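Notes follow the structure.
The values are calculated or read from the model by the stated rules, or taken from the named source; none is laboratory data. Note that this is a predicted model, so its numbers are computed, not measured. Glycine also receives a Cβ, built like all others from the backbone with ideal geometry; neighbour counts cover every protein chain displayed.
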Amino acid sequence: MTYFLPQFLIRPFRACRALALLLFLLVSVFVHSLQGSPSSQDRGATQRVLERLIAAAVERTQHVVRYDPEYVRIPYPGGDVPASTGVCTDEVIRVYRAVGIDLQREMHMDILNQPSAYPRKWAGNPHSSGAASTDTNIDHRRVLNLMIFFGRHGESLPLSADIRDYHPGDIVTWNLGGGITHIGIVVDQTSPQSGRYLVVHNIGRGPQMEDVLFDWKIIGHYRYLGESIRR
């Protein structure tokens, strides 16, 4: 004998099943969206660090700094050459330190963890003690080392002549010719003449904010907001 459920029982059953399927799909989409994109809290934290970094770079232009590339013994961690002196890398280091990121310490730890990623010995450096040595007085003050560090721990961005590829907070490095490299930070102020974002850098006259983004050959373009943001 075949039994059939009355229609008044079948219809609610089908409706409940459809509702359960719909709820399952909605939950799946919600979970996927959480996994596939950063939360608003993460985006907010990133934006706050970025804004502080840019403000710190602009603030550096209020300081009088004599360009001095001399080797100086400094404390570790948190060490700095005298505040009245420095080179292009020192401005970048000071900007990051103003937002709680110590590039001296972070680079030293990275060199210890992955020494093969960095130049094994700097030619003509009387302070180097050997092929595998590190030097917390100078390692983080070299443009090439900063390029390697930012490339390993930050975001490597396009090298282009398109102004739209460069944004406030970006780190840019240049080849000035003759084996000389340079580094600066893009800020949120623009040139009234070109419309380009200005760069805070020290090329010999202390920290300046200038329209120099495309004045030399760009060899590096990065964004780094610290290990906590990266994770």
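If you go through the stretch 178-195 and keep only what is without any contact (Cβ under 8 Å) to a residue 40 or more places away in the chain and under 13 Å from residue 217 (Cα atoms), you end up with 178, 179, 180, 181.
When residue 199 is tested against (1) part of a strand (DSSP E or B); (2) under 23 Å from residue 71 (Cβ atoms); (3) among the hydrophobic types (A, V, I, L, M, F, W, C), just one condition goes unmet, and that condition is (2). Checking each residue of the stretch 210-217 against the condition of being out of contact with any strand residue (DSSP E or B) (no Cβ under 7 Å at 6 or more places or on another chain), closer than 16 Å to residue 50 by Cα and in contact (Cβ under 8 Å) with a residue 12 or more places away in the chain gives no match.
The rows are residues; the columns are (1) modelled with pLDDT of 95 or more; (2) farther than 30 Å from residue 188 by Cα; (3) within 17 Å of the chain's Cα centre (by Cα).
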position: 14; (1), (2), (3): no, yes, no
position: 33; (1), (2), (3): no, yes, no
position: 40; (1), (2), (3): no, no, no
position: 58; (1), (2), (3): yes, no, yes
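Take the residues of the stretch 112-151 that are among the small types (Gly, Ala, Ser) and either part of a helix (DSSP H, G or I) or modelled with pLDDT of 90 or more (or both): which is farthest from residue 219 (Cα to Cα)? Let's see the steps before the verdict.
Filtering the stretch 112-151 for residues among the small types (Gly, Ala, Ser) gives 116-117, 123-124, 128-133, 151.
Of the ones still in play, those that are also either part of a helix (DSSP H, G or I) or modelled with pLDDT of 90 or more (or both) are 116-117, 151.
Details: 116: 21, 117: 18, 151: 12 Å.
Applying the filter and picking the extreme gives 116.
Residue-by-condition table, conditions (1) at positive phi; (2) among the β-branched types (Val, Ile, Thr); (3) buried (at least 18 other Cβ atoms within 10 Å of the Cβ); (4) in contact with an Asp or Glu (Cβ under 8 Å, 6 or more places away or on another chain):
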site: 151; (1), (2), (3), (4): no, no, no, no
site: 171; (1), (2), (3), (4): no, yes, yes, no
site: 174; (1), (2), (3), (4): no, no, yes, yes
site: 177; (1), (2), (3), (4): yes, no, no, no
site: 191; (1), (2), (3), (4): no, no, no, yes
site: 194; (1), (2), (3), (4): no, no, no, yes
site: 221; (1), (2), (3), (4): no, no, yes, yes
site: 224; (1), (2), (3), (4): no, no, yes, yes
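Taking first residues from the stretch 152-163 that are in a loop (DSSP other than H, G, I, E, B) and partners that are modelled with pLDDT under 95, the Cβ contacts under 8 Å between residues at least 6 apart in sequence or on separate chains come to 154/230.
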